[in-house]
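Notes follow once the structure below has been shown.
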């Protein structure tokens, strides 16, 4: 029985995100993924970046079988077994990582999760380490497209604590945790890949 789950969003965005990761991740080391979902992303990234070791994590433990199945299907030796990480519960079970990747989580979680993500990443990353986040963002308090405006409304209808976040407000929170926004890369479908770096002292 094939336990792999397939979601349409990762299939669409995994390659554009990989192209950014290939430019900003370190050449080797441990990459922690927060919110691995089905496992499609981590399998795609690990296959393309074999010198890196990936640690997937997913709070929904029922999805761990799918993550493991994607890893097994790719015969990937550079992916560790998934962990159940709730970013709001500190300390995280991973005490150090060379990079952190978090895709499509910030807008589908309470604001407290963003605060905790930045705090946790700021704590476990080394000087020069990167956090990469992906998803839709507002800029200057305004949506970047009508479709994002409608998407934001649909998210808040599902859960009032969810919603598309303002990039400036996320950057302020990140800055409080020692993470600087290095670049905002425009992506397909009105999304952004944001690269946050922990500066050297």
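Is it true that some residue in segment 130-145 is touching a residue at least 40 places away in the same chain (Cβ under 8 Å) and farther than 29 Å from residue 30 by Cα?
Applying the first criterion (touching a residue at least 40 places away in the same chain (Cβ under 8 Å)) to segment 130-145 yields 130-137, 144-145.
Still in the list and also farther than 29 Å from residue 30 by Cα: 144-145.
Within segment 130-145, one or more residues are touching a residue at least 40 places away in the same chain (Cβ under 8 Å) and farther than 29 Å from residue 30 by Cα.
Quick check: is even one residue across segment 158-168 part of a strand (DSSP E or B) and under 16 Å from the mean Cα position of the chain (by Cα)? Explain how you work it out, then say what you get.
At the first step, the residues of segment 158-168 found to be part of a strand (DSSP E or B) are 165-166.
Right, trim to under 16 Å from the mean Cα position of the chain (by Cα) and you get 165.
Checking segment 158-168: at least one residue is part of a strand (DSSP E or B) and under 16 Å from the mean Cα position of the chain (by Cα).
So which helices (runs of 4 or more DSSP H) are wholly in segment 1-78 and hold at least 1 residues that are under 18 Å from residue 107 (Cβ atoms) and modelled with pLDDT of 95 or more?
Counting at least 1 such residues, we get 8-24, 40-48.
Which residues, counting only those in segment 122-133, are within 11 Å of the chain's Cα centre (by Cα) and within 16 Å of residue 175 (Cβ to Cβ)?
If the condition is that a residue be within 11 Å of the chain's Cα centre (by Cα) and within 16 Å of residue 175 (Cβ to Cβ), then 131, 133 are the ones that fit.
Quick one: residue 159 ticks every box in (1) in contact with a strand residue (DSSP E or B) (Cβ under 8 Å, 6 or more places away or on another chain); (2) exposed (fewer than 13 other Cβ atoms within 10 Å of the Cβ) bar one, so which box is it?
Exception for residue 159: condition (1).
Examine segment 179-193 for a residue that is touching a helix residue (DSSP H, G or I) at 6+ places or on another chain (Cβ under 6 Å) and farther than 25 Å from residue 15 by Cα, and state whether such a residue exists.
So far as segment 179-193 goes, yes, one or more of its residues are touching a helix residue (DSSP H, G or I) at 6+ places or on another chain (Cβ under 6 Å) and farther than 25 Å from residue 15 by Cα.
Working only within segment 46-73, note down all residues that are within 18 Å of residue 129 (Cα to Cα) and surrounded by fewer than 20 Cβ atoms within 10 Å (Cβ to Cβ).
Within segment 46-73, 49, 51, 53 qualify.
Please list, ordered by first then second residue, the pairs with beta carbon atoms under 8 Å, 6 or more apart or interchain, first in segment 169-192 and in a strand (DSSP E or B), second exposed (fewer than 14 other Cβ atoms within 10 Å of the Cβ).
Between residues of segment 169-192 that are in a strand (DSSP E or B) and residues that are exposed (fewer than 14 other Cβ atoms within 10 Å of the Cβ), the close pairs are 180/199; 192/186.
Out of the residues in segment 74-130 that are touching a helix residue (DSSP H, G or I) at 6+ places or on another chain (Cβ under 6 Å) and closer than 15 Å to residue 52 by Cβ, which is surrounded by the fewest Cβ atoms within 10 Å (Cβ to Cβ)?
Out of the qualifying residues, it is 96.
Among the residues of segment 132-154, write down those that are surrounded by fewer than 17 Cβ atoms within 10 Å (Cβ to Cβ) and over 24 Å from residue 198 (Cβ atoms). If you could, list the steps in order and put the result at the bottom.
Of the residues in segment 132-154, the ones surrounded by fewer than 17 Cβ atoms within 10 Å (Cβ to Cβ) are 139-142, 145-147, 149-150, 153-154.
Listed by number, the residues that qualify are 140, 141, 142, 145, 146, 147, 149, 150, 153, 154.
For residue 32, are the conditions met, namely being under 25 Å from residue 118 (Cβ atoms), surrounded by 17 or more Cβ atoms within 10 Å (Cβ to Cβ) and touching a strand residue (DSSP E or B) at 6+ places or on another chain (Cβ under 6 Å)?
When the stated conditions are applied, residue 32 passes them.
The values are calculated or read from the model by the stated rules, or taken from the named source; none is laboratory data. Predicted, not measured: the structure shown is a model, and the values here were computed from it. Note that we place each Cβ from the backbone using ideal geometry, even for glycine, and neighbour counts take in every protein chain shown.
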